[in-house]
Amino acid sequence: MQKPLWIAPLLMTALVACTGAEKKDPAALVDEGPLLLDPAVEPEPTPMETLPVASAVLLRGATVMTANGVTHTPGWVRLRDGKIHSLGAGAGPEVEANERVVEAQGKFVTPGLIDTHSHLGVYASPGVWAHSDGNEMTSPITSGVRAEDAVWPQDPGIERAVKGGVTTMQVLPGSGNLMGGRGVILKLHPFREARAMRFPGAKDTLKMACGENPKRVYGRDKGSMPMSRMGSIYLMRQKWADARRYKLKWDQWRKKPYELKEGKKVPINPPERDLTLETMAGVLAGDILAQIHCYRADEMLMQLRLAREFGWKVRSFHHAVEAYKIRDVLAAEGVSVSTWADWWGFKIEAWDAVEQNLALLQEAGARAIVHTDSPEGIQRMNQEAAKGLAAGREAGIGLTEDQALRWITANPAWALGIDEKVGTLEVGKHADVVVWDAHPFSVYTHAEKVFVDGHLRFDRQAPPRKPWSDFEVTK
């Protein structure tokens, strides 16, 4: 009988524990590098589930939209070992042994879609209090908590997102706090633990929030700071100052983790670990990417000033309905904007929106991104991009389909720091690919086949199979 996937790592752990390996003198470890004494860089736990190698697939006959400036009509894409092996225009190469062929004449192929702003897994369906794990609203700054620790892989919304062509998403804490915690980037495989779903090699992110939400949660509802935008910036500035000092202590210790006594290297105890400041120090070091919920133009400018003051970078402003007002600044600063096509007006700071926001950002040279922040919207990201494209063209802004496709593929990949691996159809990138039954920007179009790392995770033409979530089982 074959052992479950999770048994092997446990057996390996047990074997290591029973070997009775010789323990080294702590002083000797210093010569092997200070990181061995550094709890802040302890190795990440190994996933209990791993991904098998995918079978080879040849997609041919479709219109291949690479999201990299080139469209092949017709074209072909070969997937092998979980990567894009080759692609091009025309009828395609000869079929190789043990290769599955997908005849896609009249259909369209794109990269897998990427959502930079989701709460799937931390605000799972069914939407009950027991599944409400996205906001640790006990303190305005909780940057040490991690969304990964609350992601429920059984959330039915995850498989529904895949059926809409989504292959990667960033799961973020909510926006009740000024600093809500670390976000996690997931590949959408039907694993049983969030750790196994993590995008390999992707950095963590830090979710921050401006404006009405934190001051409502604390000032209005709890009677504590922040009650105003003044208080919000004060608390942020104070914590960034603490984080800078914390990072300096660790940097100094890493340069000299020992002292000489009687000619011998004696280890110096590292600084006391603070998980809240550790996350912020990671942002200062560029190891954690800052993602900021911020609607108003003036508040985005304030965050850019704050970032400049303490030496960190904003990777993406989220929601950002007033980004069009400062699109030249955002382009010059190299900051991406994760926003909606036309969701606005649900509170005062979300009022001054225009449907041409995405198009105006694109025209100015900024990185425009369609995000969803919605378990329903994530199922139709292609339609959201199409709405932004139509609004821009109606206003006379010259946009290409390739640019609009990048709003849901290449640009979000950049915002999450994974653009070297996904976001476009290029040789060597992950085999995250969607076959659409018609043009992806049509409201009538469906994702027909969705490959994640070369694995066929959804096939609309196949017989129904067991759903990923027990909450979707009907009989």
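Computed from the coordinates by the stated procedures, all read-outs in this text should not be read as laboratory data. Quantities reported herein were computed from a predicted structural model and do not represent experimental measurements. Glycine gets a Cβ as well: all are built from the backbone with ideal geometry, and neighbour counts include every protein chain shown.
Structural remarks
- Relative contact order, percent, the stretch 188-255 [alpha-carbon distance under 8 Å, six or more residues apart]: 15 percent
- Phi to ³J(HN,Hα) by Karplus 6.51 cos²θ - 1.76 cosθ + 1.60 over the stretch 330-347, Hz, x for Gly, Pro: 4, 5, 5, 7, x, 9, 7, 10, 9, 9, 9, 6, 7, 9, 6, x, 7, 7
- 5 angstrom amide H check on residue 431, placed H, neighbours 5+ away: 83, 84, 453, 454
- Residue pairs, from the table 203/249; 163/429; 163/239; 163/215; 247/429; 207/255, whose Cα atoms sit over 32 Å apart: 163/239; 163/215; 247/429
- Placing unit charges on the Cβ atoms of the charged side chains and taking the dipole of the chain about its Cα centre, the candidate lying farthest along the positive direction among 462, 120, 218 is 218.
- Per-residue HN-Hα couplings for the stretch 364-369 [Karplus 6.51, -1.76, 1.60; θ = phi - 60°; Hz; x = Gly/Pro]: 7, x, 8, 8, 8, 9
- Calculated P(r) over Cα pairs in 20 Å bins from 0, in percent (choose from [x] 19, 42, 20, 10, 5, 3, 1; [y] 23, 52, 24, 2; [z] 24, 57, 18, 2, 0), label: [y]
- Vicinal HN-Hα couplings computed from phi for the stretch 258-264 (Karplus, 6.51 cos²θ - 1.76 cosθ + 1.60; Hz; Gly/Pro x): 8, 9, 8, 10, 6, x, 10
- Relative contact order (percent, whole number), the stretch 59-214, Cα cutoff 8 Å, 6+ residue spacing: 19 percent
- The listed peptides 222-229, 316-323, ordered by packing as a protection proxy, come out as 316-323, 222-229 (highest mean of other Cβ atoms within 10 Å first).
- Protection-proxy order for peptides 409-421, 89-101, each taking the mean of Cβ atoms within 10 Å per residue, highest first: 409-421, 89-101
- In this structure, the amide hydrogen of residue 88, modeled 1.01 Å from its nitrogen in the peptide plane, lies closer than 5 angstrom to those of 76, counting only residues at least 5 positions away or on a different chain.
- Database remark: amide H of residue 258 closer than 5 angstrom to the amide H of 268 (H placed geometrically; neighbours at sequence offset of 5 or more, or on other chains; Pro and chain starts carry no H).
- Here the dipole of the stretch 24-472 is about 760 debye; that uses its Cα centre as origin and unit charges on the Cβ of Lys and Arg (positive) and Asp and Glu (negative).
- Based on Cα contacts under 8 Å between residues 6+ apart, the chain shows a relative contact order of 18 percent.
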